[in-house]
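*Asks:* Questions regarding the structure given below will be posed in turn.
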Amino acid sequence: MQTTTVDIPTDDGVADATLSRPDGNGPFPAVLLFMDAFGPRPRLVEMAERIAAQGYLVLTPHLFYRGGRAPLFDLSRLGEPDQRGALFEQIMPLIGALTPKVISRDTAAYLDFLAARDDVRPGPVAITGYCMGGTNALRAVEAHPDRIAAVASFHGGRIVTDAPDSPHLGVGSITGEVYLGHADNDQSMTPEQIATLEKALDAAGVRYRSEVYEGAHHGFTMADTPMYDEKATERHWTALFDVLGRALPTG
């Protein structure tokens, strides 16, 4: 297993990222891992390496690279619930800057970076995203359906909004497979919003699976936060590898 830091040229600068790959020459099928709002840190490396251990090359880009190289925040007290409010005061403007057009441009740069590598298998990639990364993973596949074979979103928030560019309104362009693992009692993705999303996916004829992880809170996969749920996280790994095995078999 090898994990290194790489720089990816984009239309707006240079995105720092981590690249996790199995030993050997490959070529390997590629997976993009879209971060949650707290950004690049050891927990995301752990998750990328677990995926890489299954035979995938995993690129985890710093989606907030316009604000500077990671880390942008002091995460030493991330495990303390009373620190979340102060952190989100810094984070929310960066989340807001990730418009659909920005995500489309950046994803094209990430995909081009992967396609240019000799150790990446030619063809489409998959994306797994967490919290805001799950939402932006959907935006990415909507913008580049021919280059993304599957997308998995875990505890994604604000996938359904009243905005004219709400992610659920763009699902008609998706040609690959979609998996949605929702947190239970999540104010950023309520049962009503889940139903609206599923209705849109049904109407578009998208191949998808949408599940609510009962008792799991928003952010349940993040072991460095108070929201972590080990049982739900293991269920997420089973679901993710099931999707990847169909869309991008390593054999």
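The values are calculated or read from the model by the stated rules, or taken from the named source; none is laboratory data. Treat the numbers as computed from the prediction; the structure is a model and nothing was measured. A quick note on method: Cβ atoms are made from the backbone with ideal geometry, for glycine too, and the neighbour counts reach across all protein chains shown. Heads up: the accessible areas ignore ligands, DNA and RNA and are worked out on the full protein's heavy atoms, side chains in. Shrake-Rupley method; radii C 1.70, N 1.55, O 1.52, S 1.80 Å.
*Asks:* Residues to consider are Ala17, Ala37, Ala52, Ala48; find the one that is aliphatic (A, V, I, L, M), over 23 Å from Ser104 (Cα atoms) and touching a residue at least 24 places away in the same chain (Cβ under 8 Å).
*Replies:* The conditions single out Ala52.
*Asks:* Here's something else I'd like to know. Pull up the range 99-110, narrow it to residues that are open to solvent by less than 20 Å² (accessible area, probe 1.4 Å) and in contact with a helix residue (DSSP H, G or I) (Cβ under 9 Å, 6 or more places away or on another chain), then point me to the one that is farthest from Asp165 (Cα to Cα).
*Replies:* Within the range 99-110, the first condition is being open to solvent by less than 20 Å² (accessible area, probe 1.4 Å), and the residues that meet it are 102-103, 106-107, 109-110.
Right, trim to in contact with a helix residue (DSSP H, G or I) (Cβ under 9 Å, 6 or more places away or on another chain) and you get 102-103, 106-107, 110.
Values: Val102: 13, Ile103: 13, Asp106: 17, Thr107: 17, Tyr110: 22 Å.
Residue satisfying both the conditions and the ranking: Tyr110.
*Asks:* Restricting the first residue to the range 154-180 and requiring it to be aromatic (Phe, Trp, Tyr), which pairs with a second residue that is modelled with pLDDT of 95 or more and part of a loop (DSSP other than H, G, I, E, B) meet a Cβ separation below 7 Å and a spacing of at least six or different chains?
*Replies:* The qualifying pairs are Phe154/Thr221.
*Asks:* Next up: Out of the strands (runs of 3 or more DSSP E) lying entirely within the range 141-251, which hold 2 or more residues that are among the hydroxyl-bearing types (Ser, Thr, Tyr) and either open to solvent by less than 10 Å² (accessible area, probe 1.4 Å) or at pLDDT 95 or above (or both)?
*Replies:* 207-213
*Asks:* Check whether at least one residue in the range 102-116 is in contact (Cβ under 8 Å) with a residue 60 or more places away in the chain and not in a helix (DSSP H, G or I), and report yes or no.
*Replies:* Scanning the range 102-116, I find no residue that is in contact (Cβ under 8 Å) with a residue 60 or more places away in the chain and not in a helix (DSSP H, G or I), so the answer is no.
*Asks:* Here's something else I'd like to know. Using the structure shown, decide if Thr128 is open to solvent by 10 Å² or more (accessible area, probe 1.4 Å) and either outside any helix (DSSP H, G or I) or modelled with pLDDT of 95 or more (or both).
*Replies:* no
*Asks:* I'd like to verify a number: residues in the range 84-98 that are surrounded by fewer than 16 Cβ atoms within 10 Å (Cβ to Cβ) and part of a helix (DSSP H, G or I), how many?
*Replies:* Step one: filter the range 84-98 for residues surrounded by fewer than 16 Cβ atoms within 10 Å (Cβ to Cβ), giving 85-86, 88-90, 92-93, 96-97.
Pick out the ones that are also part of a helix (DSSP H, G or I) and you get 85-86, 88-90, 92-93, 96.
Residues meeting the conditions: 8.
*Asks:* How do the pairs read when you match residues in the range 183-196 that are farther than 15 Å from Leu169 by Cβ and of a type in the set (Lys, Arg) with residues anywhere that are open to solvent by 10 Å² or more (accessible area, probe 1.4 Å) and at pLDDT below 95, using Cβ under 6 Å and keeping only pairs 6 or more apart or on different chains?
*Replies:* none
*Asks:* Among what's in the range 14-61 and is assigned to a strand (DSSP E or B) and under 13 Å from the mean Cα position of the chain (by Cα), pick the residue that is surrounded by the fewest Cβ atoms within 10 Å (Cβ to Cβ).
*Replies:* Leu32
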